[in-house]
Structures are given as structure tokens and as C-alpha cells.
Amino acid sequence: MSSYKAIAAVSQSLMNLLGDRMTEAATITLAPPDVQVDQVIGPRLNVYLYHLSEDPFMKNQEIPGIGYSGAYGHPPLSLNLHYILTAFGSSETGPDADMHAQQILGDAMRVVHDYSIISADLVQQKAPGKTILDPVLLDEFEQLRVVLQPKSLEEISKIWTALPRVNFRRSVTYEVSVVQIASQQARSSGPPVRERRVYAVTMRSPNIDEAFRQPPLLGAKIAAVEEGETLRLAGYNLQAPNTTVMMDGALATIGNLQADRIDVIVPTGQLSIGIHTVLVAQNLMLTVLDGQPPEARGGFTSNSVGFQLLPKITGPATLSAAGVVTVPVQPAVKASQERTLLLGDIEVPGVAVAPGSLPTNNVAFQLPMSPNDPLPGGSYLMRVRVDGAESRLQVDTNLNSPTYLQYVGPTVTV
């Protein structure tokens with residue numbers, strides 16, 4: 001595995017290949033294209049590393065035969081190197097200066113095409129005994145692959161316009177992959193597996209088709225509940241040993257468990273008012289150590305289904321002389337939650353709360369006062385809306401009552 005010198009070693013290997021295999025007489029330089037290289041005159045081919053990128057296919061991958069897949073820490077850094085090759089003729093003003101530069105560039109492209117893989121056994125012809133590959137890279141598992149990267153005129157122009165003192169010249173880009181640089185950070189490896197256990201279980205994932213309050217209110221299946229109420233989950237494969245129901249991370253109490261339905265109690269004091277998700281989890285009890293009781297391990301989980309947790313008015317509202325109505329609700333309302341009091345069909349805004357304030361069970365609302373149009377006096381049906389979730393109104397279910405199936409509360413007198 002290479003050290004930090006691998007990047008420079010790739011550039012040197014490219015220079016070795018081009019200088020050894022090109023037919024045209026040209027000096028190979030490694031510099032920004034806008035820099036005049038000292039003591040170099042006449043035709044030349046410039047190799048410039050203009051970009052580096054991490055290889056997405058070898059990220060976090062160990063080198064076969066060297067790294068250990070069970071080790072934790074810092075795997076090698078796998079990089080792709082992007083080069084731009086630029087040809088310069090023997091002069092800038094001669095009648096065939098650009099023609100000579102084109103011949104140099106074509107010769108270089110022919111060499112790279114013939115030797116697109118720079119292997120460790122590739123030997124220089126002009127210096128017998130020396131490898132084209134830089135010694136730093138001789139023991140690498142991955143061979144260097146040089147691939148032509150076709151760029152549009154716009155992309156090439158962006159590269160050249162980033163250079164401050166150079167005019168646009170004919171050039172070509174290549175990608176060299178892949179070079180891996182070893183990390184110097186210490187790594188840790190866990191002990192080997194002492195005992196292996198293989199378990200095979202039948203695939204029976206639970207599935208939730210619908211969720212609604214149980215029993216339904218006036219026959220309507222609505223996925224809106226208050227704390228302490230029962231939410232029924234209807235579906236299939238719901239009954240299994242070690243079944244649990246999670247509501248956004250809160251464990252709910254199961255009241256009734258059957259293959260096609262589960263009744264769960266909405267926990268108190270663990271969820272905020274608004275939209276939440278519920279899912280069914282079925283853990284597997286597996287023997288980890290002989291002679292020890294089985295331990296719960298992750299098994300199957302269902303799809304997630306949404307439901308709405310409603311605010312509940314827990315007592316009478318109070319009205320101050322300043323026109324502030326305070327309503328006790330449950331669960332507590334967070335400072336970031338939007339709150340509105342509905343008196344009949346009139347919306348009363350909540351009193352502003354300082355950011356970061358603690359959740360409160362007593363929510364204040366400001367009635368319109370003079371010089372604004374005051375609210376007409378009288379008794380109003382009262383609802384609290386928090387983040388779009390509204391508290392319920394009480395319905396008279398007494399068959400003998402003159403207000404049978406009408407809303408009768410809660411109310412507030414203004």
C-alpha cells in the first residue's frame with residue numbers, strides 16, 4: 001500500500017511512459033500550463049494534475065491480502081487523478097507551429113492508448129532495467145488505468161479560464177485510477193468469532209392496513225386519538241411472540257393482540273400534540289450462549305402508519321380582566337407549536353410565547369379588545385387547535401335529552 005507519495009509517483013509514471021514511448025522529440029514537463037518551465041525550450045508536452053476525486057467504488061474497501069475486513073478505523077484513501085495534457089510546438093509564431101503541436105499531442109495520445117494500463121513489468125526502452133512505473137507504486141494491488149475523458153468545449157474552457165496568464169491551447173484530459181494511500185492512524189480489530197450460530201426463520205413480516213380509534217366515534221374510523229385512548233391497528237401477521245408496538249420511539253401498551261388486529265393504549269406524557277407514526281415490531285428470541293436464557297434480537301417490523309394525537313381540554317377555562325382566556329390542556333404544548341382557540345366559528349390567537357420556554361398545560365389566548373371589535377358576550381363552544389390538531393367537542397348521547405346528538409361542551413362564557 002502506498003504512502004502519501006503515491007500521487008507524485010503517478011505523475012512521474014506518466015512522464016516516464018510518455019518520455020520513453022513517444023516518437024516525436026518533445027520534452028515532457030509537469031507544471032501548470034501557464035508556467036514557463038525553466039531551461040526548457042522547443043517542443044514539449046505538459047502534464048498537469050488539475051483535479052483529484054475519491055473513487056466511489058473503492059471507498060472504505062480494504063486491499064485484498066493486506067487489510068482485514070473486520071478491522072475498525074481508517075481504511076486506505078482511494079483516489080482518481082485527473083490530468084490535462086497540453087502540447088507546445090517548437091515556436092509560437094512559425095507558419096507550422098500549431099501543426100507541430102498537434103503532432104506532439106497525437107503522438108502522446110497514441111502512447112496512452114497503447115499502454116492504457118501501466119503495469120509493474122513495463123520496462124523502459126531508452127533506459128533498460130528501469131521500470132516505467134515509479135518504484136513507490138511497484139507493490140500496489142491495483143494497476144494504474146489511464147482512461148481518456150472526453151470533455152466538451154465548455155468544460156475545457158472552464159479549466160483554461162481558471163489559469164491567469166495563458167491563452168487557450170489544444171489539450172486533452174485523462175483520468176488515472178486508482179491509487180490508494182495508506183492511513184497512519186491506528187486500527188483496532190475485534191477478537192475472532194469463537195462460536196457461530198445460524199438461525200433460519202419463516203418470513204412473516206407484520207403489515208398494518210389501517211389505524212383508527214377504538215371504539216370508533218359515531219361509527220367513523222378516524223386515526224385521531226387522545227392520550228390514554230385505544231388505537232386499533234388492523235392488518236395481517238400481527239400476532240407473534242415478543243410483539244411490541246412503537247409510537248415514534250415510545251413503547252405503547254398492548255391491550256388486545258390477534259393475528260388481524262392489535263389494540264394499543266396511547267401512552268401518556270411521551271408524545272407531543274400532532275402527527276406521529278406507529279409500527280409493529282416482532283423480536284426473535286435466540287440462544288446466544290449455551291445454558292443461558294434466550295435473548296431478544298431484532299426480527300421483523302411492519303410498515304409505519306400515521307395517526308394524530310389530539311389535545312384534550314382537561315378543565316374549565318378562566319377569563320382575566322385583560323381578555324386573556326387560559327385553557328388547561330393535555331399533553332403540554334411546546335413553545336414552538338402554533339395554538340388557536342376556536343370559540344364557535346371565531347378564531348382567537350394564542351398569546352406569544354418566548355422561544356425556548358418550557359412546555360405548558362395552561363395555554364393562554366388573547367380575546368379582541370377595544371378599540372378592536374370585542375367578542376359579543378355569551379356562551380361559546382370551545383376547541384383548542386395545536387399544530388392543526390383540534391380538541392374534541394362533547395356530544396350529547398342521551399336518547400331522552402332535547403339536545404340528543406348535539407354538541408354540548410366544553411364551553412366558556414365571555
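Classify the stretch 312-413 as rounded, prolate or oblate from the Cα gyration tensor: take a ≥ b ≥ c as the square roots of its eigenvalues, call it rounded if a/c is under 1.5, otherwise prolate when a/b beats b/c and oblate if not. Spell out each step's value before the answer.
Details: a/c = 2.39, a/b = 1.39, b/c = 1.72.
The shape class here is oblate.
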Which value results when the Cα radius of gyration for the chain is divided by 2.2 N^0.38 Å? 1.73
Modelled FRET efficiency - R0 22 Å, HIS74 with PHE141, Cβ distances, 0.05 increments: 0.80
How would you rank HIS276, HIS74, going from fewest to most other Cβ atoms within 10 Å of each one's own Cβ? HIS74, HIS276
Potential extension, LEU163-THR23 segment - 0.36 nm per residue separation minus Cα distance: 47.4 nm
Give the residues of the stretch 220-234 whose amide nitrogen is closer than 19 Å to a point set 7 Å from the Cα of VAL395 in the direction of its Cβ. 220-227, 229-232
Kirkwood estimate for the stretch 165-241, i.e. one over the average of 1/r between Cα atoms, Å: 21.1
Which ³J(HN,Hα) values, rounded to whole Hz and listed in residue order, are derived for the stretch 251-267 from phi using the Karplus coefficients 6.51, -1.76 and 1.60 in 6.51 cos²θ - 1.76 cosθ + 1.60 with θ = phi - 60°, glycine and proline given as x? 7, 9, 7, 8, x, 8, 10, 9, 5, 10, 7, 9, 9, 10, 8, 5, x
Using only the alpha-carbon atoms, what does the stretch 238-378 span along each of its principal axes? Please give whole angstrom values in decreasing order. 79, 33, 23
Add +1 for every Lys or Arg and -1 for every Asp or Glu among the other residues with Cβ under 13 Å from the Cβ of MET109, and state the total. 0
May I ask you to order 85-92, 218-225 by the average number of other C-beta atoms within 10 Å around their residues, highest value first? 85-92, 218-225
In nm, give the distance between the simple-model label positions of LEU251 and ASP38, each being 7 Å from the Cα along the Cα-to-Cβ direction. 7.4
Run the quick spin-label model on VAL408 and ALA127: label points 7 Å from Cα toward the beta carbon, then report their separation in nm to one decimal. 10.2
Roughly what would the spin-label model give for LEU289 and SER3, points 7 Å off Cα along C-beta, in nm? 4.6
Lys and Arg at +1, Asp and Glu at -1: neighbours of ILE275 with Cβ under 10 Å from its Cβ sum to -2
With only Lys, Arg, Asp and Glu charged, each at its Cβ (+1 for the first two, -1 for the last two), find how big the charge dipole of the stretch 288-414 is about the Cα centre; round to the nearest 20 debye. 120
Too-long pairs where the Cα-Cα distance tops 23 Å, listed order kept, from LYS221/LYS312; LYS221/LYS334; LYS312/LYS334; LYS5/LYS59: LYS221/LYS334
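Divide by every residue of the chain the summed helix terms, -39500 (n - 2.57) for each DSSP H run of at least 4, and state the resulting mean residue ellipticity at 222 nm, rounded to the nearest 500 deg cm²/dmol. Present the calculation step by step, with values, prior to reporting the outcome.
Details: 3 runs with 43 residues, N = 414.
-3500 deg cm²/dmol, from helical runs alone.
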I need MET382, MET99 ordered by Cβ neighbour count within 10 Å, fewest first. MET99, MET382
Cβ-derived FRET efficiency at R0 30 Å, GLU155 paired with GLU54, nearest 0.05: 0.90
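Each value in this text was obtained by applying a stated rule to the coordinates, not by laboratory testing. Keep in mind the model is a prediction, meaning the values are calculated, not measured. Glycine also receives a Cβ, built like all others from the backbone with ideal geometry; neighbour counts cover every protein chain displayed.
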